[in-house]
Amino acid sequence: MTRYIRYAAVFCALLLASLLVNATRIQVFQARSYDDNAANRRHNIAVYSRPRGDILVGGRPVTGSRDTGEQLRYERTYKDGPLYAPVTGFASQEYGTTFLEHAGDEILSGTDPMLTPFPLWNDLTRAQNSGGDVVTTLDRAAQEAAYTGLGGRKGAVAAIEPSTGRILALVSTPSYDPAVLSGNNAAVGRSWSRLNADVDKPMLNRAVRQTYPPGSTFKVVTAAAALDAGVITDLDAPTDSPAPYTLPGTTTSLTNASDGCEDLSLREAFKWSCNTVFAKLGVSVGVGDMTATAQAFGFNDTGLRIPYAAAESTFDTSLDKAQLALSSIGQYNTRATPLQMAMVAAAVANGGQVRSPYLVERTTTDDGDTVATAGSRPVRQAMHPSTAVRLKELMEQVVTEGTGTNAAIPGATVGGKTGTAQHGIGNSGTPYAWFVSWAKGDRDMEAKVAVAVVVEDAEADRGEISGGGDAAPIARAVMEAVLNS
């Protein structure tokens, strides 16, 4: 009998050991797969069981959390939601996260191991950290000036600090309030359907995720390529440019919005934005050097993140001469985001150097202790420093006596370039109005801000009028806000 009891005891011990081994296998080695299983709601319940960290602008939060008392306890709230939607994105219990809410999710949700000095202890105890904060580079006054200036029209504004790449404003209109997507009730689903069905696309981030033909603002790039390549050595020398200009290999004539462009110097052609001069210049520079210069400014870069991904701005690398002529005046397949064109203006203001733009200054714990900082940013030389000096001169003259006088600011040096971009079947659509610029206060050692503005539904329908009339005043308001801050 004792022998059978001993066998039973050994068998029970083996069963107990098997249970312990299996429990260890599940809790230690397979815990991650169970945590990541879409059917496991415990993660969502845990994430929403505490307030989410905040996104800060000018030291103040533009986000918050509301206690609903439900199983998914805390919902995201937004202050001035439409104003900051292209920056924050949304954090939705139903539809996930976008933009900074997505890029900074680990910090904001408290799951980043850098939020605790003892991450291994948290792994063992399953303790939850409080959400940290994301501190942005935005200038509150500049953001508000851009949003007010657009006034609900379709368009976008991007503003950056040339010497650092800090993004000072990022606005897209029409916009929406991300708070309507925060919860998980029926109203959230209705809001989601309504926003996605809206023909004006309020959830589209036009400043970073939408590309447009840059039109005449691209002539800054063409002028830089011509000066760097030595095609132009004297800003005041005639360019031997006919008006109209017959596109090479075709019978198509390219004209200008105004008279008097024939054989103009680069200085005058830039001031009055003569298509014929710049189309011919692009052909003279050649596709190789035009492509190299465009890419040095940031075109064709598929990896730009601010920290969320930006759409690729493009300059076609396989062009015949007629296509190159049109590409050199910002048409054909040339496409750019407003952020990219702000980078072009910033490079001129920064001695030819392009600083990689960024939107997050630092991340912190809920107590304000720094977790990570932006650090030094990559720099790229878009043009020779001497070329940048001459382009600054050309852009200043656009504002003092050319098509961009609406951007002038008393007590500051301002450089700019107007532009219109045709679109639609047979160019039947009202041209997009563009303005790119930079500004330096008279007491400043360097330019403080570079801006790009695009207005999709500009009122004017010809030449440079819509760029100077619709977009330039918005740029001026943004630059004034930065210079006065």
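The values are calculated or read from the model by the stated rules, or taken from the named source; none is laboratory data. It should be emphasised that the depicted structure is a prediction, and the values quoted were computed from it without experimental measurement. Using ideal geometry, Cβ is built from the backbone for each residue, glycine included, and neighbour counts are taken over all protein chains shown. What goes into the accessible areas is simple: the full protein's heavy atoms, side chains included, and nothing from ligands, DNA or RNA. Shrake-Rupley method; radii C 1.70, N 1.55, O 1.52, S 1.80 Å.
Taking into account only those residues within region 190-223 that are among the aromatic types (Phe, Trp, Tyr) and in a helix (DSSP H, G or I), which is most open to solvent (accessible area, probe 1.4 Å)? Looking at residues that are among the aromatic types (Phe, Trp, Tyr) and in a helix (DSSP H, G or I), I get Trp192. Being modelled with pLDDT under 95 and buried (at least 24 other Cβ atoms within 10 Å of the Cβ) is true of Thr420.
Close Cβ contacts (under 7 Å, 6 or more residues apart or on different chains) running from residues in region 12-36 that are open to solvent by 70 Å² or more (accessible area, probe 1.4 Å) and among the aromatic types (Phe, Trp, Tyr) to residues that are at pLDDT below 75 and outside any helix (DSSP H, G or I) comprise Tyr34/Asn40.
Every condition in (1) open to solvent by less than 60 Å² (accessible area, probe 1.4 Å); (2) out of contact with any Phe, Trp or Tyr (no Cβ under 7 Å at 6 or more places or on another chain); (3) of a type outside the set (D, E, K, R); (4) under 17 Å from Ala226 (Cβ atoms) holds for Val389 except the one numbered (1).
Go through (1) surrounded by 19 or more Cβ atoms within 10 Å (Cβ to Cβ); (2) in contact (Cβ under 8 Å) with a residue 60 or more places away in the chain one by one and return the number of the condition Glu361 breaks. Here Glu361 clears every test but (1). Of all residues in region 293-318, those that are out of contact with any Leu (no Cβ under 9 Å at 6 or more places or on another chain) and not in a helix (DSSP H, G or I) total 11. The one condition from (1) of a type in the set (Asp, Glu); (2) more than 30 Å from Leu150 (Cβ to Cβ); (3) at pLDDT 95 or above that Asp123 does not meet is (3). Within region 375-402, the residues that satisfy the criterion of being in a loop (DSSP other than H, G, I, E, B) and without any contact (Cβ under 8 Å) to a residue 40 or more places away in the chain are Gly375, Ser376, Pro378. Scanning region 368-385 for residues that are open to solvent by 70 Å² or more (accessible area, probe 1.4 Å), at pLDDT 95 or above and more than 21 Å from the chain's Cα centre (by Cα) yields His384, Pro385.
Only a single item in (1) open to solvent by less than 40 Å² (accessible area, probe 1.4 Å); (2) not in a helix (DSSP H, G or I) is not met by Gln128, and it is number (1). The set of residues in region 242-292 that are open to solvent by less than 10 Å² (accessible area, probe 1.4 Å) and in a strand (DSSP E or B) is empty.
Among the residues in region 155-162, are any closer than 30 Å to Glu361 by Cα and open to solvent by 10 Å² or more (accessible area, probe 1.4 Å)?
Within region 155-162, the first condition is being closer than 30 Å to Glu361 by Cα, and the residues that meet it are 155-162.
Then drop every residue that is not open to solvent by 10 Å² or more (accessible area, probe 1.4 Å), which leaves 161.
So far as region 155-162 goes, yes, one or more of its residues are closer than 30 Å to Glu361 by Cα and open to solvent by 10 Å² or more (accessible area, probe 1.4 Å).
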